[in-house]
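Inspection log for the structure reproduced underneath, given as structure tokens.
No lab work stands behind these numbers, since they all come straight from the coordinates. Not measured: the values here are computed from a predicted model. For neighbour counting, all protein chains shown are included, and Cβ atoms are generated from backbone atoms with ideal geometry for every residue, glycine included.
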Amino acid sequence: MSSIALKLLKPFGVDARFDFNPTQMIKSLIVPLAGILVFLFIWNIGAKNIHTSLGEFPGPAQVYEQSINLIAEHNRERDKEVAFYERQEQRNAKKLAANPDAKVKIRPYTGKPTFFDQIVTSLVTVLAGFILASLIAIPAGIVIGLNKTLYTAFNPVIQLFKPVSPLAWLPLVTMVVSALYVSKDPMFAKSFVTSLITVTLCCLWPTLLNTAVGVSAISPDLNNVSKVLRLSWLTHVIKIVLPSAIPMIFTGLRLSLGIAWMVLIAAEMLAQNPGLGKFVWDEFQNGSSSSLGRIMVAVLVIGLIGFMLDRIMLMLQKKVSWDKSVELR
């Protein structure tokens with residue numbers, strides 16, 4: 001392979017040791033592509049034989065058409081937003097020209113959120129809930145894992161709340177947030193806080209449990225080394241506990257992130273909070289001929305985002321963990 005080609009491929013992990021392997025290429029590229037094509041074929045045939053009250057079930061062609069429509073709607077909405085602010089600037093400029101001491105104000109654009117705005121809202125909410133859950137679960141899991149008595153005491157509590165559905169938590173969280181989160185000028189919208197807490201409560205447990213198990217399973221030899229060196233508790237955690245338990249911690253984090261994404265969509269649908277879940281529910285309630293196609297676009301996007309989030313966590317695990325045997329599957 002030429003040196004120029006190697007330089008272009010270097011960011012993708014290809015170096016001078018690259019050796020073209022047709023079998024590996026078929027396994028990595030051709031086979032997955034064939035699976036996708038088979039899925040699209042079955043989907044297309046099946047869709048033509050399913051008729052609903054809103055018309056024929058959308059096939060790949062209809063979903064592609066609606067995805068183009070959603071992109072066009074987003075672009076039109078952004079053009080409206082730009083024009084809205086331009087008009088305000090022009091009015092304010094005329095006002096200041098007539099009276100330099102006049103007070104001017106830029107009003108925020110309040111147009112309808114587009115499909116892509118809903119995606120951003122859901123991503124911000126799920127990442128905020130996941131980070132909050134991780135900040136609680138990892139330290140708590142370390143403390144519980146280092147103390148057998150605490151582990152025995154809290155394990156039943158973890159097992160009790162771990163399988164609770166977000167649909168059960170949501171009414172309680174909504175009532176508590178409405179009662180306690182009272183402010184004339186809140187920093188965050190109540191809908192965001194409600195979704196955030198619901199996601200946190202549901203995705204907390206896998207990370208907590210896996211962290212506790214990983215910490216409790218540390219080799220006795222490592223603990224003995226720590227005692228011989230007379231490491232402080234904090235140094236013991238940083239130098240011994242965390243490096244040893246990282247594979248289990250990341251397993252919990254991956255499970256928690258996947259649960260967080262599923263929980264958020266369900267919570268948004270039920271509570272009508274902004275996000276992809278609300279988009280799906282609004283389209284279902286809309287009942288137009290294009291609604292099923294738009295819902296199917298959302299379903300595919302939800303799956304794609306969930307897949308990408310899992311890949312990101314897996315790559316991060318390979319980066320920071322001593323266990324390099326983990327594979328991107």
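For the reader, a short list of remarks on this structure follows.
- Rounded to the nearest 20 debye, the dipole magnitude of the chain is 780 debye, with +1 charges on Lys and Arg beta carbons, -1 on Asp and Glu beta carbons, and the Cα centre as origin.
- Only the Cβ atoms of Lys and Arg (+1) and of Asp and Glu (-1) were treated as charged; on that basis the dipole of the stretch 125-233 about its Cα centre amounts to roughly 140 debye.
- Mean separation of Cα pairs under 8 Å and 6 or more residues apart, divided by the residue count, gives the stretch 115-320 a relative contact order of 29 percent.
- Positive-end residue, the stretch 115-320 charge dipole about Cα centroid, Cβ charges, pick of Ile259, Thr194, Met269: Ile259
- When you work out D = kT/(6 pi eta Rh) for the stretch 115-320 at 25 °C and 0.890 mPa s, using the Kirkwood radius from C-alpha pairs as Rh and the Stokes-Einstein form, the result is 132 µm²/s.
- Degrees between helix 276-286 axis and first principal axis of the chain (Cα, 0 to 90, nearest 10): 40
- Separation of the alpha carbons by more than 23 angstrom is noted, of Lys148/Lys239; Lys105/Lys184; Lys48/Lys112, for Lys48/Lys112.
- Within the listed set Pro166, Pro32, Pro113, the residue fluctuating most in the Gaussian network model of the chain (springs between alpha-carbon atoms under 10 angstrom) is Pro32.
- Rounded to the nearest Hz, the phi-derived 3J(HN,Hα) couplings of the stretch 292-299 under the Karplus curve 6.51 cos²θ - 1.76 cosθ + 1.60 (θ = phi - 60°) are 4, x, 5, 5, 5, 4, 4, 4, where x marks glycine and proline.
- Residue among Ile218, Pro163, Ile138 farthest towards the positive dipole end of the stretch 115-320, charges placed on Cβ: Ile218
- Residue by residue, the stretch 216-221 carries 3J(HN,Hα) couplings of 5, 9, 4, 4, x, 4 Hz when phi is fed to the Karplus relation 6.51 cos²θ - 1.76 cosθ + 1.60 (θ = phi - 60°); x denotes Gly or Pro.
- Positive-end residue, the stretch 58-98 charge dipole about Cα centroid, Cβ charges, pick of Gln66, Ala83, Ala97: Ala97
- Dipole magnitude of the stretch 58-98, debye to nearest 20 (Cβ charges: Lys/Arg +1, Asp/Glu -1, about Cα centre): 380
- For the residues Ser216, Ser183, Ser244, a GNM of the chain with alpha-carbon springs under 10 Å puts the largest fluctuation on Ser183.
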